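The values are calculated or read from the model by the stated rules, or taken from the named source; none is laboratory data. Being a predicted model, the structure only gives us computed values, none of them experimental. Every residue, glycine among them, receives a Cβ derived from its backbone with ideal geometry; neighbour counts consider all protein chains shown.
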Amino acid sequence: MDGMQGPRDWLDVVQKNSSPPIIKKGVKIAIIGKGTGGIIAALYFSKWAPPFFPQGCTIEVYYDPDISAVHVGEGSQLSLPNVLWTLQNMTIKEAGETFNASHKVGIQYNNWGNKGDYFHSFPGNNTAMHFSAKDFQEYWEKELAKQGVKFIPKKVKKHSDIDADFIMDARGAPKLPHKDYESFEYSLCNSALVAQCPTEYPLYNYTIAEAMPNGWIFGIPLQNRISYGYIFNKEISDKSIIEEELKEFINKKDLTHKPFNHIQFQSYHRKLNWPTWRTAYIGNASYFCEPLEATAIELQCNISDKTLGIWTWYQHDNRKSMTQRNEANQWYYKWCKEAECIIMMHYCAYNKNYDTKFWTEARLRASACLTNNNDFQQMCREAFHYDRSMVQHLGLTKEQFETQQARNFGGGWNLDSFRQNIAGLGL
Ligand SMILES: Cc1cc2nc3c(=O)[nH]c(=O)nc-3n(C[C@H](O)[C@H](O)[C@H](O)COP(=O)(O)OP(=O)(O)OC[C@H]3O[C@@H](n4cnc5c(N)ncnc54)[C@H](O)[C@@H]3O)c2cc1C
């Protein structure tokens, strides 16, 4: 048939058809959405794409003027402050002055597990950050526009509606069920009741995660307010009960609050985050799981980084970039599953404070989640095989050793995070 010789020729034809062209001309990168996900991608691409495309590179951000970005998601892991420093020379102090950011040196867990309160700190002198999502988005839209990024108000229905070589889709939560997405199997929470409480300075330099009878409350302290959010399951607990508990919680702290905001969510991830050679997904368009360990923003930084790696290879070696894309899709899938395990692990221990329907159901799901995930169990075991003498033998500092090891761990966690949480929860 058409002079084909056998299976090898078929393979070549398939690869040729699905291979991207080697790009020689200037490129256009489009980002759809200017929420936190879209802005983080724009920060990466505006700085790091142009050197890789010396023939020219335009960055355009499309957004629907009728759909506002969500103004939650205000606690990061370690990547975001590094991104701001590396890409924009911005310190956390400057971030505090521009978008109300504050230091986050860890997470204070209250009332979890069966041992008592514990603190999950970050390795070495590293710090994450809290920030106002609204101020962050508005500030970077103005700054990036000054730096040449074009912001275009236009509702995008299909990717083919826009003229671009590469597309990063950051248009927020998808309508589920959807054939390209999978739900997280074990995740229990699907609602948040969020309250902003004005303060004159950051009340803490860490995030609060306090277990409650019907879920848990996060506390994110900024320069001028602290946001408390009660995360719960609306089928198990009535919203009016959650409101009462949140009010009482805030009153005990002698704070006033603005009107509560009720947010509903689902937990899901994409099956393939890089489905074609020129498209990628980020933010809620890619992944959502309850915000216990700030996994969403960490993943946004990782996705931006990997996407740039895949796209920039197209001008040199399209087979190499296809391999990178395959590896990135596998990495993403594993990362999402590990993030779910990390979150569910917190529900695993018997909670000595609460014997409620929520905690019984959460514990059952957590136990099933971890029992069915051998890779995660292996990681937990490895966390306890870390040996100081081995680190000295290798001539590494503890931090260098953990940075090396961190590659193997999902959800943004390093070895120490496993140890601290397993010990803190009394598992
Ligand atoms: C209560 C709560 C607390 C959270 N806390 C944390 C936390 O502490 N840490 C963390 O990491 N994550 C947290 N998250 C996750 C957080 O939601 C996400 O990190 C973040 O908000 C992602 O937003 P986004 O940019 O993907 O989407 P959105 O903010 O929804 O933005 C979507 C953008 O796409 C545009 N758009 C939509 N449709 C179209 C279209 N058809 N054409 C063009 N443009 C379009 C919109 O105009 C908008 O600009 C939390 C989530 C919740 C619910």
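Here are the numbers for the structure shown:
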| item | result |
| --- | --- |
| Subset of the range 114-135 (residues that are surrounded by 17 or more Cβ atoms within 10 Å (Cβ to Cβ), in contact with a Phe, Trp or Tyr (Cβ under 8 Å, 6 or more places away or on another chain) and more than 17 Å from L78 (Cα to Cα)) | Y118, D135 |
| Filter pass, S121 being within 12 Å of the ligand (Cβ to nearest atom) and of a type in the set (S, T, Y) | no |
| Single unsatisfied condition, V72 versus (1) assigned to a loop (DSSP other than H, G, I, E, B); (2) more than 16 Å from the ligand (Cβ to nearest atom) | (2) |
| Residue selected from the range 76-93 under the condition within 13 Å of the ligand (Cβ to nearest atom) and not in a helix (DSSP H, G or I), by the criterion surrounded by the fewest Cβ atoms within 10 Å (Cβ to Cβ) | L78 |
| Residue count for the range 337-358, restricted to those that are among the polar types (S, T, N, Q) and surrounded by 24 or more Cβ atoms within 10 Å (Cβ to Cβ) | 0 |
| Of all residues in the range 399-414 being within 19 Å of the chain's Cα centre (by Cα) and of a type outside the set (S, T, N, Q), the one that is modelled with the lowest pLDDT | R407 |
| Residue within the range 141-154 that is assigned to a strand (DSSP E or B), in contact with a His (Cβ under 8 Å, 6 or more places away or on another chain) and β-branched (V, I, T) present | no |
| Tally of residues being at pLDDT below 90 and either among the hydroxyl-bearing types (S, T, Y) or touching a Gly at 6+ places or on another chain (Cβ under 9 Å) (or both) across the range 1-53 | 6 |
| Neighbours by Cβ (under 6 Å, 6+ apart or cross-chain): first from the range 284-300, closer than 25 Å to E210 by Cβ and among the polar types (S, T, N, Q); second at pLDDT below 95 and more than 8 Å from the ligand (Cβ to nearest atom) | T295/A339; T295/G411 |
| Flag if S321 is small (G, A, S) and surrounded by fewer than 20 Cβ atoms within 10 Å (Cβ to Cβ) | no |
| Which numbered condition K104 misses (of (1) more than 16 Å from the ligand (Cβ to nearest atom); (2) in contact with a strand residue (DSSP E or B) (Cβ under 7 Å, 6 or more places away or on another chain); (3) at pLDDT 95 or above) | (1) |
| Residues (closer than 26 Å to A362 by Cα, touching a Ser or Thr at 6+ places or on another chain (Cβ under 7 Å) and not small (G, A, S)) located in the range 270-298 | R270, F288, C289, E290, I297, E298 |
| Residue check, G96 within 27 Å of P291 (Cα to Cα), away from the ligand (no atom under 16 Å from the Cβ) and not in a helix (DSSP H, G or I) | no |
| Residue within the range 126-141 that is hydroxyl-bearing (S, T, Y), in contact (Cβ under 8 Å) with a residue 60 or more places away in the chain and more than 11 Å from the ligand (Cβ to nearest atom) present | yes |
| Looking only at the range 94-113, and only at residues there that are under 21 Å from A296 (Cβ atoms) and among the hydroxyl-bearing types (S, T, Y), the one that is surrounded by the most Cβ atoms within 10 Å (Cβ to Cβ) | S102 |
| Matching strands (runs of 3 or more DSSP E) fully within the range 181-254 where at least 1 residues are exposed (fewer than 15 other Cβ atoms within 10 Å of the Cβ) and at pLDDT 95 or above | 181-183, 191-198 |
| Looking only at the range 56-69, and only at residues there that are in a loop (DSSP other than H, G, I, E, B) and among the acidic types (D, E), the one that is farthest from the ligand (Cβ to nearest atom) | D66 |
| Residues of the range 224-262 classified as touching a residue at least 60 places away in the same chain (Cβ under 8 Å) and of a type in the set (S, T, Y), total | 2 |
| Subset of the range 178-194 that is in contact with a helix residue (DSSP H, G or I) (Cβ under 6 Å, 6 or more places away or on another chain) and more than 11 Å from the ligand (Cβ to nearest atom) - its residue that is farthest from K352 (Cα to Cα) | F184 |
